[in-house]
Amino acid sequence: EGKAEKVERVEEDEDGGYGALLKVASKSMETYEKVNAAEGIVPWGRDSNIEKTEGEGVDWHREGKKDLFLKGQSARIWAELYKVLDCSDVVLHIIDARNVPGTKCDMVTKHIANNAKHKHLIYILNKIDLVPNWVAKRWVGELSKERPTIAFHASMTHAFGKGALISLLRQFGKLLSDKKEISVGVVGYPNVGKSSVINTLISKKSCKVAPVPGETKIWQYISLMKRIFLIDCPGVVVDSAGDSETDSVLKGVVRAERLPDPTEYVGAVCEKVKREYIGACFGVPHKGEGTWKDEMDLLDMIAKKQGRLKKGGDPDRFMAAVAVLNAFQRGKLPWFVPPPDLKGEED
C-alpha cells in the first residue's frame with residue numbers, strides 16, 4: 001500500500017484518440033458544406049456573411065502604430081460614435097476648412113448611405129476664418145455636390161453661418177413633425193470644433209472646449225430648442241485614411257507635448273507654411289543672412305527668442321518644437337489644402 005503502480009502506455013491507432021476526433025471533425029465539415037450549399041434551402045436557413053464585408057479589416061485597419069497615435073480609435077470611442085449615429089435623426093459632420101480631405105470621414109457617409117438612409121447628413125465647414133474666402137467658397141461648392149453644406153465660423157460674438165444652420169434645423173423640425181423630439185448628432189475628427197459649434201448655436205458654454213484634441217470624453221445631450229436636442233460626440237479617428245504619424249500630428253489628433261520627439265514633425269510644418277508666416281508668428285527673420293537654414297536652426301532661433309534654454313545655455317529644441325506644432329494646430333500659422341481644381345497652384 002502507498003506505492004504508485006506503473007501503468008503501461010497503450011499505443012493509439014488511427015481509429016482511436018486524436019485520429020478518431022480528426023475524422024469526426026472532417027466529416028462534420030463536409031456535411032455542413034454539403035447542406036449549406038444544397039439547392040432548395042430557404043434563404044434564412046442558409047449561413048451567410050461568413051466572410052467579412054464591412055467593419056474592422058475591411059472598412060478600416062488597425063496599423064502597428066504607437067499607442068499615442070491610436071487616440072480616437074478605442075472601442076469605447078467607436079461605441080460612442082455609433083451610439084450618436086443611431087440616436088440621431090440629423091447628423092452634422094464637422095469638417096476643418098484648412099484640411100477638408102483629411103478631416104472628412106467617409107466612413108460616416110457610407111454608414112448612413114448604406115444602413116440609415118432615412119437619416120439626414122449635413123456637412124459643416126468649420127474654421128472658415130482661418131482660410132481665404134475663395135478657398136471656403138470653392139470647398140463649399142465641392143462638398144455640396146454630395147450633401148448639403150454650410151460654411152461656419154464658431155464664435156460667441158461674431159459667428160458666421162449660425163442663422164443658416166438654425167433655420168435648416170427648424171425646417172427639419174417641420175419635416176419630422178411626427179416625432180416628439182429631434183436629435184441632432186455632431187460628429188467629426190478630434191479638434192475640428194464640434195463643441196465650439198454647439199456652444200455657438202446655443203449662445204453659451206455648455207460643452208467643454210479646448211484648442212487641443214481629446215477634451216470631449218463622452219457624449220453630451222444639450223437642448224437647443226423646444227423639440228430639438230444636440231448630441232456632442234468625442235472625436236473619432238478613422239485609420240482607413242492611411243494617415244502617417246506626421247499626418248496625425250498635423251491634423252491635431254495628438255497633443256504636441258505628449259510626443260516623444262516633436263522635432264521630427266517641424267520639417268513637415270515648414271513645408272506647408274510659408275517662411276514669412278513662420279517668421280512673423282515667432283518674431284524671427286525669414287530672409288537675409290540672419291534667417292534659418294533648416295528646421296533645427298529654426299528651433300534654435302525660436303528657443304533663444306522665447307528664452308527656452310537648458311542648463312549651460314543650450315536652446316531647448318523640444319519646447320520650441322512643441323510651440324511650433326501648437327501654433328500650427330491652433331491656427332496661428334496660416335495654411336490650407338487647396339480645392340481640387342487648384343491643386344497645381346500655390347496656396
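The values are calculated or read from the model by the stated rules, or taken from the named source; none is laboratory data. Being a predicted model, the structure only gives us computed values, none of them experimental. Quick reminder, even Gly has a Cβ in these numbers, built from the backbone with ideal geometry, and neighbours come from all protein chains shown. The area values use the complete protein model at the heavy-atom level, side chains included, leaving out ligands, DNA and RNA. Shrake-Rupley method; radii C 1.70, N 1.55, O 1.52, S 1.80 Å.
Worth pointing out:
- Restricting the range 287-316 to residues that are open to solvent by 30 Å² or more (accessible area, probe 1.4 Å) and under 15 Å from Val269 (Cα atoms), the residue that is farthest from the chain's Cα centre (by Cα): Lys293
- Scanning the range 325-339 turns up no residue that is closer than 13 Å to Thr263 by Cα and part of a loop (DSSP other than H, G, I, E, B).
- Restricting the range 77-104 to residues that are under 22 Å from Tyr221 (Cα atoms) and not in a helix (DSSP H, G or I), the residue that is farthest from the chain's Cα centre (by Cα) is Asp89.
- The requirement of being surrounded by 16 or more Cβ atoms within 10 Å (Cβ to Cβ), under 22 Å from Asn191 (Cα atoms) and β-branched (Val, Ile, Thr) is satisfied by Ile278.
- Failed item, numbered, when Gly161 is tested on (1) at pLDDT below 85; (2) surrounded by 13 or more Cβ atoms within 10 Å (Cβ to Cβ): (1)
- Any chance Ala321 is of a type in the set (A, V, I, L, M, F, W, C), touching a residue at least 24 places away in the same chain (Cβ under 8 Å) and farther than 19 Å from Asn99 by Cα: yes
- Contact map, the range 274-291: residues that are assigned to a loop (DSSP other than H, G, I, E, B) paired with residues that are hydroxyl-bearing (Ser, Thr, Tyr) and at pLDDT 85 or above, Cβ distance under 8 Å, separation 6+ or inter-chain. Pairs shown: Val284/Thr291; Pro285/Thr291.
- For the range 197-228, the candidate set comprises residues that are modelled with pLDDT of 85 or more and in contact with a Cys (Cβ under 8 Å, 6 or more places away or on another chain); within that set, the residue that is surrounded by the most Cβ atoms within 10 Å (Cβ to Cβ) is Ile198.
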